[in-house]
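My questions all concern the structure below.
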């Protein structure tokens, strides 16, 4: 990520904030929960998930 930030003359924070959703790693926790529902806790399955 540091190489991309340097290449585009921006910070790694900007790369993460603006482009992270395009990364194949972005939804790893969601894919894991769908593929293995018995291995994930009932509450807070996904990173950043807030219970209402």
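Bear in mind these aren't lab numbers, they're just calculated from the coordinates by the rules spelled out. Predicted model, so just to flag it, every value in this text is computed and none were measured. When we count neighbours, we look across all protein chains shown, and the Cβ atoms used for this are built from the backbone with ideal geometry, even at glycine.
What does the extension gain come out to for residue 35 and residue 11, with contour length at 0.36 nm per residue minus their alpha carbon separation? Show your work: numbers first, answer last.
Values: separation 24, 0.36 × 24 = 8.64 nm, distance 3.41 nm.
Extra length from residue 35 to residue 11 when fully extended: 5.2 nm.
What FRET efficiency comes out for residue 3 versus residue 27 if R0 is 22 angstrom and r is the Cβ-Cβ distance? Round to the nearest 0.05. Show your work: numbers first, answer last.
Values: r = 23 Å, r/R0 = 1.04.
Result of the calculation: an efficiency of 0.45.
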